[in-house]
Every structure is written in structure tokens, then in C-alpha cells.
Amino acid sequence: MKLRQLHYIHEVAKRGLNVTAAAEALFTSQPGVSKQIRLLEDELGVTIFQRNGKHLSEITPAGKRILEYTARLLAEVQNIKNIAEDFHDTDRGDLVIATTHTQARYALPPVIQKFRTKFPKVTLHLHQGSPPQIAKQAAEGQADFAIATEAMEHFEQLVMLPCYHWNRCVLVKPGHPLAEKKRLTLKDVAAHPIVTYTFGFTGRSKLDQAFAANGLKPDVVLTAVDADVIKTYVRAGLGIGIIANMAYDERTDKDLLRLPADHLFEPSTTHIGFRRGMFLRGYMYEFMKIFASHLKPDVVNDIAALADHEERSRKTQALLTNLKSI
């Protein structure tokens, strides 16, 4: 059994049994991947993948168990590499962050700027996607960190740490009737067409919950994952905008009025997640501390080491009480 063969079956499974796509990702040939899978199956004496002619059709029960252990083994291989690199060259390496547009555009720039000043030899890679997509990337080892607000708690493979609270604001054009209100109500907001985030992005669920709890059905006329797109359509007169407070820029958005809405909606919490059992290099700890100052190495290690889900939740909840809001 060769480590290369385990990489091959892992990648094939990850690519939906598409051997050609797996070969491209591994920078090798499709026939070579197929041959090595056959050799591994012959050595083990079991079939990992069922075949339909020349194509792989499904993973066998034995294959599913083998792939579970393969994923763990490959994760530990990566940990060994990280340990060696950390001792060999402490301030050089790569950091892959999977995150949403809002985090990448508004929350992360000052963090990355400060991190780059401290670790100029670390190459940063930003992957953008939906919260489930980025959580999956971190769980599968394609990213070191996942940073998002929604849908992160569904991945048990991740250690989830709260970073900060945030809330929303309402955007209107000058002269809009809502601009005359001293204090907005949900009923006021629901009376106008709304442009806001796509469900599953940037705390959208909190917004929907607030309206539903008050028996209101808002007229959401357009949704987008990008706050800049939402602003564009508010400027075009399509409706009022509801965006994250952090996404309003007083310089570039001075043609729009920002109306406070933090009293209308429950605050949302942004989390950072990494794969359970992952070896964290020194600069990874430093990135977390820059992003959220309370995430010091001892705090991170304490929570990451807990095997009991309830105990992890209790310690994580304790962190929530003192989080800053932005």
C-alpha cells in the first residue's frame, strides 16, 4: 500500500467518482490513477469502487470505511508536514482562508494587512463561497480556516470559535420616507420593497426570524450575496437595503443614508473554524489573535482539545458573553 494510492482514492471520492477530474487535480494521468486504484484493490482484496463499464458508479461499503480512515491518515500526514515546516521555518508557509464576500471585503482587509506586516513570507489564499461551501472546504482540508456567520455549526469536524457580534442597518436614498422616522420599526421596514442578502448568507436568517416573530411578511424584491450589489440596486430605486453595518462606507456610500436597525434584529456572530485535530502553526494562532483578540493560543487549544460536545459548547458560550460588536 502506497500513500500515493490513498491520495488517489481520496481525490476520486471527493470529485464525485470523476477519475479525469481527480487526475487533473493531482497533476497526473487518468490511466495512471485507474491503474493505482486497481493495484490497491488487488492488494487489499476488496473492491473500493463499483464499476459500470469503464466508469466508477458508486463506493462500496468496504470502500466507505476505507475512505474514512484514508481521510484521517491524510490529515495526519499534513499535520506531520506542518510540524516539520513549523520547526524548519517558523515564519514561512501558506495560509488558506475560505470565507464569504462580506468578510473578505469588509472585515478581513485590516486583519490581513496587519498579518502581512508581521509575516511577510506567508502566502495568503482567499477562497470565497457560501457558508456551507467554505465550511466543507475547511472540513476536507482544502482550507485552513473557514470564516462566516451562517451554517457553520452543521460541521462536526470543525472546531468553531466565536469572533465578534455584528448587526444590520437600513439603507435608503435621500428624501425617502423612512429617513424622516426617528426610530424605525419592523412594520415601517416591511412596508417598503427590500433588497438584501440571499438566504444562507451574512446573517439573513436573523432578519427572516425577526419579521416572522412579528407576523410580518416583507416584500423582498431582490437578493444578492454581495453588499455592493445591494447598494447598487438601492441607488437604482428598486427598494430599501438591509446590509451588515460593517458594509457601509461613509466615504463611498455618502449618497445613501444609513438608518440604525440594531434594535430591530438579534445580533449575529461571526465564527472562525478549523478542522478538528489539525496542527496549527504559529502564524495560524497569530492570525486568529489578530482577527479576534480573545482567541489566544491557550484559549484555542483548550477548546480544541475537548472531546465532549457539551463541554465544548459550554466553553464556547462563555466566550460569547464578552465579544466585541462591530
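The values are calculated or read from the model by the stated rules, or taken from the named source; none is laboratory data. If you're wondering where the values come from, they're calculated on a predicted model, not measured in any experiment. Note that we place each Cβ from the backbone using ideal geometry, even for glycine, and neighbour counts take in every protein chain shown. These area figures cover heavy atoms from the full protein model, side chains too; ligands, DNA and RNA do not enter into them. Shrake-Rupley method; radii C 1.70, N 1.55, O 1.52, S 1.80 Å.
Considering only region 50-79, state which residues are open to solvent by 100 Å² or more (accessible area, probe 1.4 Å), part of a helix (DSSP H, G or I) and modelled with pLDDT of 85 or more. The answer is Pro61, Lys64, Arg65, Tyr69. Inspect all residues belonging to region 186-204 and state whether any of them is open to solvent by 30 Å² or more (accessible area, probe 1.4 Å), in contact with an Asp or Glu (Cβ under 6 Å, 6 or more places away or on another chain) and at pLDDT 90 or above. Among the residues of region 186-204, at least one is open to solvent by 30 Å² or more (accessible area, probe 1.4 Å), in contact with an Asp or Glu (Cβ under 6 Å, 6 or more places away or on another chain) and at pLDDT 90 or above, which makes the answer yes. Applying the condition of being hydroxyl-bearing (Ser, Thr, Tyr) and open to solvent by 30 Å² or more (accessible area, probe 1.4 Å) to region 227-282 and asking which residue is farthest from Ala104 (Cα to Cα) yields Tyr233.
Out of region 154-171, which residues are in a loop (DSSP other than H, G, I, E, B) and within 12 Å of the chain's Cα centre (by Cα)? If the condition is that a residue be in a loop (DSSP other than H, G, I, E, B) and within 12 Å of the chain's Cα centre (by Cα), then His154, Phe155 are the ones that fit. Annotation note: of Thr90, Thr117, Thr102, Thr20, the sole residue that is part of a helix (DSSP H, G or I), of a type in the set (Val, Ile, Thr) and touching a residue at least 40 places away in the same chain (Cβ under 8 Å) is Thr102.
For beta carbons closer than 6 Å, sequence separation of 6+ or different chains, a first residue in region 286-303 that is aromatic (Phe, Trp, Tyr) and a second that is in a helix (DSSP H, G or I) and open to solvent by less than 30 Å² (accessible area, probe 1.4 Å), the qualifying pairs are Phe287/Phe115; Phe291/Val111.
Residues checked against (1) surrounded by 23 or more Cβ atoms within 10 Å (Cβ to Cβ); (2) modelled with pLDDT of 90 or more:
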| residue | (1), (2) |
| --- | --- |
| Leu95 | no, yes |
| Pro110 | no, yes |
| Phe119 | no, yes |
| His125 | no, yes |
| Pro131 | yes, no |
| Ile134 | yes, yes |
| Val170 | yes, yes |
